[in-house]
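See structure below.
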């Protein structure tokens with residue numbers, strides 16, 4: 001009899017044990033990503049009819065920012081993004097909403113309360129929190145009756161973001177993915193879900209995708225090639241090659257590179273909150289630095305400014321030097337704006353200094369000796385002037401000879417009364433026929449660089 005009583009008590013205990021376990025583990029749906037040991041669990045509280053609380057347990061490695069959002073895509077999704085605080089010893093939780101495929105903005109009307117246990121533990125973010133008004137937000141809502149509610153997640157780059165600000169600038173995610181969460185399974189008594197390493201009520205939608213920010217990369221690479229490769233080559237072509245068309249062609253190529261870099265920069269500016277308004281120092285310097293080149297290009301074309309075209313050659317070197325300096329500063333500000341790693345910034349500074357010194361030495365040499373094209377043009381003009389001078393001198397010398405001969409003929413026929421004088425003058429005129437210039441009139445001797453008035457005999 002005692003044996004049957006013991007068996008009955010054991011059976012009752014086994015029957016009660018599952019319900020005891022269920023009572024200890026709050027209702028929750030859990031997303032767990034084994035690759036990063038990231039867990040995101042949700043509990044939809046239904047303690048009372050009017051409650052709108054949503055309890056969250058969120059943990060992930062604290063090496064960069066990480067976020068999970070309610071929605072099919074980034075647009076109108078409510079996201080919870082975690083990153084280190086300024087001191088690096090706690091976690092900053094930033095609720096944000098995205099307007100599209102761009103950096104989400106802070107949702108300041110979302111009231112999120114952190115509970116005990118929130119912080120950084122063993123290099124892992126740990127968030128235990130309750131959100132008082134997360135079920136409905138601007139542009140979206142949590143469908144608590146949906147057994148496959150769409151969700152998204154993303155990870156930032158490896159360089160740690162540390163800030164206390166909820167609107168700290170985010171770099172574009174490096175990996176992202178999607179999953180579906182059962183909100184019916186997550187509904188129950190309002191409590192923070194427990195830590196676990198198992199999926200519960202979640203279906204993964206494909207593998208995690210690696211993202212590439214090709215437009216920003218191309219923006220930086222094309223701009224750097226224009227500054228640090230094509231620009232020095234163009235100075236060499238301008239100074240040491242006679243054919244000015246090479247210099248013009250490379251200048252057009254540089255402009256094409258810069259226009260492409262500007263276009264890529266403008267197109268990616270809409271992706272980030274800090275660049276959407278085009279008021280960052282990088283963008284301001286970028287627009288200022290292009291003005292000198294445009295000025296040189298438009299002066300000969302715009303009629304009201306065409307009168308200034310004559311001074312362009314003297315302004316060419318100062319304006320191009322100013323443009324190069326402004327573009328280098330613009331590139332450095334761009335690296336700071338994009339939170340580039342320190343090694344990349346140091347390499348950029350080294351390249352900028354090296355190229356600047358090279359350009360300074362090259363331009364000094366060109367100014368002292370003159371460009372190859374300018375020297376060739378000067379020699380050509382001098383040759384043309386000499387030839388023109390020779391032609392004009394021959395013309396005027398021939399005209400003077402004709403005038404002298406005509407005067408001599410008229411003098412020989414003027415009067416018979418002065419025979420002696422006429423005979424002498426005739427002899428003088430006859431003798432002077434063997435001389436060019438007559439001994440007194442400037443003649444073809446100019447062609448031989450002789451002193452004017454010196455007789456030149458006809459041999």
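Any idea how many residues of region 125-145 are at pLDDT 95 or above and either within 38 Å of the chain's Cα centre (by Cα) or exposed (fewer than 14 other Cβ atoms within 10 Å of the Cβ) (or both)?
3
Take the residues in region 240-254 that are assigned to a helix (DSSP H, G or I) and touching a residue at least 40 places away in the same chain (Cβ under 8 Å), then tell me which one is surrounded by the most Cβ atoms within 10 Å (Cβ to Cβ).
Looking at the filtered set, the residue picked out is 247.
Residues checked against (1) under 16 Å from the mean Cα position of the chain (by Cα); (2) farther than 15 Å from residue 231 by Cα; (3) assigned to a helix (DSSP H, G or I):
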site: 330; (1), (2), (3): yes, yes, yes
site: 339; (1), (2), (3): yes, yes, no
site: 347; (1), (2), (3): no, yes, yes
site: 350; (1), (2), (3): no, yes, yes
site: 353; (1), (2), (3): no, no, yes
site: 356; (1), (2), (3): no, no, yes
site: 362; (1), (2), (3): no, no, yes
site: 366; (1), (2), (3): no, yes, yes
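Does region 151-174 contain at least one residue that is in contact (Cβ under 8 Å) with a residue 40 or more places away in the chain, touching a helix residue (DSSP H, G or I) at 6+ places or on another chain (Cβ under 8 Å) and surrounded by fewer than 16 Cβ atoms within 10 Å (Cβ to Cβ)?
no
Only one of 94, 64, 60 is assigned to a loop (DSSP other than H, G, I, E, B) and either modelled with pLDDT of 95 or more or assigned by TED's automatic domain parsing to the domain that holds residue 32 (or both). Can you tell me which?
The unique qualifying residue is 64.
Go through region 212-239 and give me each residue that's in a loop (DSSP other than H, G, I, E, B) and either in contact (Cβ under 8 Å) with a residue 40 or more places away in the chain or under 28 Å from residue 117 (Cβ atoms) (or both).
213
Given the conditions (1) part of a loop (DSSP other than H, G, I, E, B); (2) surrounded by 19 or more Cβ atoms within 10 Å (Cβ to Cβ), which single one is not true for residue 194?
Of everything listed in (1) part of a loop (DSSP other than H, G, I, E, B); (2) surrounded by 19 or more Cβ atoms within 10 Å (Cβ to Cβ), residue 194 misses just condition (2).
Can you find even one residue in region 205-213 that is within 30 Å of residue 133 (Cβ to Cβ) and either surrounded by 16 or more Cβ atoms within 10 Å (Cβ to Cβ) or in contact with a strand residue (DSSP E or B) (Cβ under 6 Å, 6 or more places away or on another chain) (or both)?
Yes, region 205-213 contains a residue that is within 30 Å of residue 133 (Cβ to Cβ) and either surrounded by 16 or more Cβ atoms within 10 Å (Cβ to Cβ) or in contact with a strand residue (DSSP E or B) (Cβ under 6 Å, 6 or more places away or on another chain) (or both).
The values are calculated or read from the model by the stated rules, or taken from the named source; none is laboratory data. Only a predicted model underlies this, so the values are computations on that prediction, with no experimental measurement involved. Please note: Cβ atoms are built from the backbone with ideal geometry, for glycine as well, and neighbour counts cover all protein chains shown.
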